[in-house]
Amino acid sequence: GPALPKAPHASNHAVSLRCREPIRSMASPWNREDPLHVEETRVIIREINVRTRTHFKVMTEMQGRFVYEDGKTPGRLLLCEFLDNSIYALQRSAFLANTIKPFPTYEPIEVHIFYSFHTNDGERVPELIAVLDRGPGMDEKALGGWAELARPASERNKDEAGCKLLDEDNAPGTETELLKRVPTFQADGRLGIFGKGSKSAGFYYGTQVRAITRPKGSDKTSELHLDRDVMHKRNAENADWQVSTIHERGQSEVARHKLRSSDELDCPPLLDLYARADSKPSYSLFVISKLHEQPSKELSLDDIPTTVCELRDTYSVYCDTMADAFKQLAERREAPSPPSLRFKYGPLDVKVTHWNRPRSASRAKDSAAWEARTFSLRPDREDSLNVEEEIQQEIDELDEDVAEALDSQLGLAAAYARSPLHAIELAAPEVFCFRFQSPKLREDDGMGRVEGRVLYLPFVDGEEQHTKVQMHLTSRAFCFWKGRQMQYAVSPLLPFIHNA
């Protein structure tokens, strides 16, 4: 474009600085002829205001709303709220690309937890959490809808072709048609449909939640930053706390770094993740920062294998871990092979990586100096979680003061003991399948149908179980909704179990 006019008494150096200065705010529509809008300065292309449309405390004050029960903690399980959205996104993306049949090869969903040191005792604590998927991304309308509590994902994405194709493939029909094509455990990939979970979960972990996304076919990335403290401040000042801003930016490193907080800029592996995400044609990335003390304890570094174990149970249908467990049961007992339990659209993979900050501040500036370990939820991967091996390693590492180390070191053993996959390992080879319609549940879209499998565990915890079968004193139900295990669900619906 034409050169900038020189200001009175301004030096050439001052004019040069003006040319390089990033655009901080757009007060008027973008004019492509404006000489300031050259490629390297397209940092913030546009700003769009969106409204949360609900009182911010409903989203942000989540500390007392989740249950601690049976050894489970919200900090380990609430990652599911982001993974549900990612699974739904990957299914829509596969339909959109017309790669759903034959089974597509999905890029893994990634969970990254970055650990620093507690200032007092040197113990490692999480400082940032990130969840990345390579789904179709969100346009500004869908991203603005995500900011609204209780705005269902189906409504936010109703105009998306992939969403329509996925819905059509799982449309309700006659009873006979439903029975023929209802997927195993009713896993259809349409998770994350209520519009509440990820925001509530994000603010349970920390005070800041950032959503970064690029829809397929776009050269612009959109970022939305929700900050509890900013909302509190605006509310105290009688300002409009409902308004948040979507920033559209370019793809350069300057553009990426312009919107980063100091905590993010101080985490090189996270910056690398941002750059890697921007290299993809579409994606969604959620980053949580300023973590609260309680969830930081629940996500301690020692508890990472336990977290992975519980996530593996939760998505055992989608990652084919459940199918693999039943297959091994049949092979081990030389029993007839059960019907295939594999996910109808092909197995997904979720990779959980923890990053450990070096103690040296100078070395921490280099991503390569950060220690990292990755676990896969798929059973057929080299980095799959080997529970027995991890438990034995934890036992071998116990100090002489066993009582002090017991909780953190043997948490994985307790999680594995309550795992449905562990129950399958202990089960007799005969599996009883059942299906019935419940009048207590909605009957449309197959939602009133309850189906499952009954396992008999003849010998558990050193005790014969056959004397307890009639009264079901130790029977236990693992409940799944749309193929996803509901870790806190109870089921009064099963006619053959009185206390589940």
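The values are calculated or read from the model by the stated rules, or taken from the named source; none is laboratory data. Source: prediction; values computed, not measured. Using ideal geometry, Cβ is built from the backbone for each residue, glycine included, and neighbour counts are taken over all protein chains shown. SASA here: full protein model, heavy atoms, side chains in, ligands and nucleic acids out. Shrake-Rupley method; radii C 1.70, N 1.55, O 1.52, S 1.80 Å.
Right, residue 76: in contact with a strand residue (DSSP E or B) (Cβ under 8 Å, 6 or more places away or on another chain) and at pLDDT 80 or above or not? Taking the combined requirement at face value, the residue does not satisfy it. Filtering region 239-255 to residues that are in a helix (DSSP H, G or I) and open to solvent by 30 Å² or more (accessible area, probe 1.4 Å) leaves 253, 254. Could we say that residue 177 is out of contact with any strand residue (DSSP E or B) (no Cβ under 7 Å at 6 or more places or on another chain), modelled with pLDDT of 70 or more, open to solvent by 30 Å² or more (accessible area, probe 1.4 Å) and more than 15 Å from residue 87 (Cβ to Cβ) here? Criteria not met by residue 177. Counting only residues that are outside any loop (DSSP other than H, G, I, E, B), open to solvent by 90 Å² or more (accessible area, probe 1.4 Å) and in contact with a strand residue (DSSP E or B) (Cβ under 9 Å, 6 or more places away or on another chain), region 359-383 holds 2 of them. Taking residue 445 as the residue in question, decide whether it is acidic (Asp, Glu) and either surrounded by 12 or more Cβ atoms within 10 Å (Cβ to Cβ) or modelled with pLDDT of 85 or more (or both). Against the criterion (acidic (Asp, Glu) and either surrounded by 12 or more Cβ atoms within 10 Å (Cβ to Cβ) or modelled with pLDDT of 85 or more (or both)), residue 445 qualifies. Looking at region 287-297, can you tell me whether even one residue there is crowded, with 20+ Cβ neighbours inside 10 Å and either assigned to a loop (DSSP other than H, G, I, E, B) or among the charged types (D, E, K, R) (or both)? No: region 287-297 contains no residue that is crowded, with 20+ Cβ neighbours inside 10 Å and either assigned to a loop (DSSP other than H, G, I, E, B) or among the charged types (D, E, K, R) (or both).
Checking region 105-127 against the condition returns a match, with at least one residue being aliphatic (A, V, I, L, M), touching a His at 6+ places or on another chain (Cβ under 6 Å) and either modelled with pLDDT of 85 or more or within 24 Å of residue 310 (Cα to Cα) (or both).
Listed conditions (1) buried (at least 19 other Cβ atoms within 10 Å of the Cβ); (2) part of a loop (DSSP other than H, G, I, E, B) are all met by residue 217, apart from (1). Being in contact with a Gly (Cβ under 8 Å, 6 or more places away or on another chain) and not aliphatic (A, V, I, L, M) is a property that residue 214 has.
Here residue 236 fulfils each of the conditions (1) surrounded by fewer than 16 Cβ atoms within 10 Å (Cβ to Cβ); (2) within 18 Å of residue 74 (Cα to Cα) apart from (2). Is at least one residue of region 307-321 over 17 Å from the mean Cα position of the chain (by Cα), buried (at least 20 other Cβ atoms within 10 Å of the Cβ) and of a type outside the set (Asp, Glu)? Checking region 307-321: at least one residue is over 17 Å from the mean Cα position of the chain (by Cα), buried (at least 20 other Cβ atoms within 10 Å of the Cβ) and of a type outside the set (Asp, Glu). Residues in region 194-221 that are more than 17 Å from the chain's Cα centre (by Cα) and within 19 Å of residue 247 (Cα to Cα): 214, 215, 216, 217, 218, 219, 220, 221. Of the residues that make up region 198-213, is at least one open to solvent by 20 Å² or more (accessible area, probe 1.4 Å) and of a type in the set (Gly, Ala, Ser)? So far as region 198-213 goes, no, none of its residues is open to solvent by 20 Å² or more (accessible area, probe 1.4 Å) and of a type in the set (Gly, Ala, Ser). Only residues that are buried (at least 20 other Cβ atoms within 10 Å of the Cβ) and within 19 Å of residue 216 (Cβ to Cβ): list them for region 269-285, please. Within region 269-285, 274, 277, 282, 283, 284, 285 qualify.
With respect to the stated conditions, residue 251 is without any contact (Cβ under 8 Å) to a residue 60 or more places away in the chain and in contact with a strand residue (DSSP E or B) (Cβ under 8 Å, 6 or more places away or on another chain).
Let's see how each residue does on (1) modelled with pLDDT of 65 or more; (2) in contact with a strand residue (DSSP E or B) (Cβ under 7 Å, 6 or more places away or on another chain); (3) open to solvent by less than 30 Å² (accessible area, probe 1.4 Å); (4) not acidic (Asp, Glu):
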position	(1), (2), (3), (4)
440	no, no, no, yes
459	yes, no, no, yes
470	no, no, no, yes
478	yes, yes, no, yes
485	yes, no, yes, yes
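Restricting the first member to region 327-342 and to residues that are under 17 Å from residue 426 (Cα atoms) and outside any loop (DSSP other than H, G, I, E, B), and the second to residues that are at pLDDT 70 or above and open to solvent by less than 100 Å² (accessible area, probe 1.4 Å), the beta-carbon pairs closer than 7 Å and six or more apart or on different chains are 329/424; 329/427; 329/429; 330/429.
Within region 279-306, the set of residues being of a type outside the set (Ser, Thr, Tyr) and within 13 Å of the chain's Cα centre (by Cα) comprises 285, 286, 287, 288. Per the listing 161, 171, 153, 130, the residue uniquely at pLDDT below 85, of a type in the set (A, V, I, L, M) and crowded, with 24+ Cβ neighbours inside 10 Å is 153. Here residue 95 meets the list (1) modelled with pLDDT of 90 or more; (2) in a helix (DSSP H, G or I) almost entirely, failing just condition (1).
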